[in-house]
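Data first, discussion second: the structure below is written as structure tokens.
The values are calculated or read from the model by the stated rules, or taken from the named source; none is laboratory data. All of these numbers come straight from a predicted model, not from anything done at the bench. A quick note on method: Cβ atoms are made from the backbone with ideal geometry, for glycine too, and the neighbour counts reach across all protein chains shown. Note: areas computed on protein heavy atoms with side chains; ligands, DNA, RNA excluded. Shrake-Rupley method; radii C 1.70, N 1.55, O 1.52, S 1.80 Å.
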Amino acid sequence: MKIGVLKEREEETRTALVPSVVQRLIKELSFEVYFESGVGEKAGFSDDDYIQAGAVLMNRDESLELLDIITIINPFDAPFQPNAKKTVISILNPLFKTKELQNWTNPNWTVFSLDMVPRTTKAQAMDVLSSVASISGYKAVIKAAELYGSVFPMFTTAAGTIRPAKVLIIGAGVAGLQAIATARRLGAVVHVFDVRSSSKEEVQSLGATFIEVEGAAENPDAGGYAIEQSGEFLERQRALIDKYVSEASIVITTANIPGKRAPLLIEKSSVEKMKAGSVIIDLASEQGGNCALTTDKQTIVHRGVRIVGDSYLSRELAQTTSQLLATNYFNFLKHYKQLDAISRFEDPILKGSMLIQNGEIVHDRLIPLIKQEVC
């Protein structure tokens, strides 16, 4: 079985397969591995590193013709119409970016999206969302510390005492928990908001204070994500968040709902109550942002408050993120190869992450979204 890794879009610094994982694919799974020149350059891996790992250099056109399996983080445009069966393993965010699936109508394309892998114990080692979110949560705090006009810990000096920074983290998922741990290690006072009461113990175990609004709706089948809330709850939530935002030096927001606009949690009026020099890092910017003033892929300043809209902070730590993602890809490929062609279509992990089979949308959650796009 021939597998390859393609070079990413210009803005992408990460890569789907790193040399150490290429070596494992060859030795442990008996794949033939091919790569496009420069595929790992931005993540710190040279073409020679891939060659030494056992991979073969090949240009994109040859790769598309030859390969059985193509790995890539961001989906590439697919004007190429293959004459033989091809499997693409990518990270598509398909519930939000349904239009991109229109490129894959050729009956020879089968497409998996690793961000749709079920969040089960067995699939935990394939969870790209957790890998990326963990790095993003860490980097959000580091970036905030760089932009903030003061220090995080309490300083006692001959000239007086500097109070520790007050950090508010909205969303206690993987990114939020990593942000809590990092901010606490830097000496900040941390408050955390999440609609899921189940997050309270984890937040408190990291030394942060959990704030909550009673009466939140929760769904144990939501895969660890928050769900939409009632209007009454949202009003009480806004009032509470306004209070803590106005007192915070740093705010890091991570709240997302799959396939929908990110919940708007910070109003413009709340930002205007923050002190000049404060910082907001909005990790939900790609899906609209949690802050009313967020602009995706940009840093803006509003009345002295810096607002960073960036859902891809993990790109700033490309080498480490690539190593984590490549391990996720390896575990998925190992699981894939262990199954025969018939079992692959019944396996819950593969079925849960398969978007397109032989050119047709097959995922239960995507079919109604595609119909809406067509209408």
request  = Determine the pairs where a residue that is assigned to a loop (DSSP other than H, G, I, E, B) and among the aromatic types (F, W, Y), located within the stretch 316-339, has a partner that is modelled with pLDDT of 95 or more and surrounded by fewer than 19 Cβ atoms within 10 Å (Cβ to Cβ) with Cβ atoms under 7 Å apart, the partner being 6 or more residues away or on another chain.
outcome  = none
Helices (runs of 4 or more DSSP H) contained entirely in the stretch 1-109, each with at least 3 residues that are modelled with pLDDT of 95 or more = 19-29, 47-52
note = Filtering the stretch 111-130 down to residues that are open to solvent by 20 Å² or more (accessible area, probe 1.4 Å) and either outside any loop (DSSP other than H, G, I, E, B) or modelled with pLDDT of 95 or more (or both) yields D115, M116, Q124, A125, D127, L129, S130
Out of E214, E146, E201, sole residue that is open to solvent by 50 Å² or more (accessible area, probe 1.4 Å), over 19 Å from S246 (Cα atoms), free of Cβ contacts under 8 Å to residues at least 40 places away in the same chain and part of a loop (DSSP other than H, G, I, E, B) = E214
ask   = Mind checking whether some residue in the stretch 340-351 is within 21 Å of the chain's Cα centre (by Cα) and in contact (Cβ under 8 Å) with a residue 24 or more places away in the chain?
value = yes
inquiry  = Among the residues of the stretch 246-258, are any modelled with pLDDT under 95, open to solvent by less than 40 Å² (accessible area, probe 1.4 Å) and closer than 20 Å to I142 by Cα?
reply    = yes
query = Residues in the stretch 33-40: is at least one in contact (Cβ under 8 Å) with a residue 40 or more places away in the chain, open to solvent by 10 Å² or more (accessible area, probe 1.4 Å) and not polar (S, T, N, Q)?
reply = no
key: Answer from E28, E32 - the residue that is under 28 Å from N83 (Cα atoms), more than 26 Å from the chain's Cα centre (by Cα) and among the charged types (D, E, K, R)   = E32
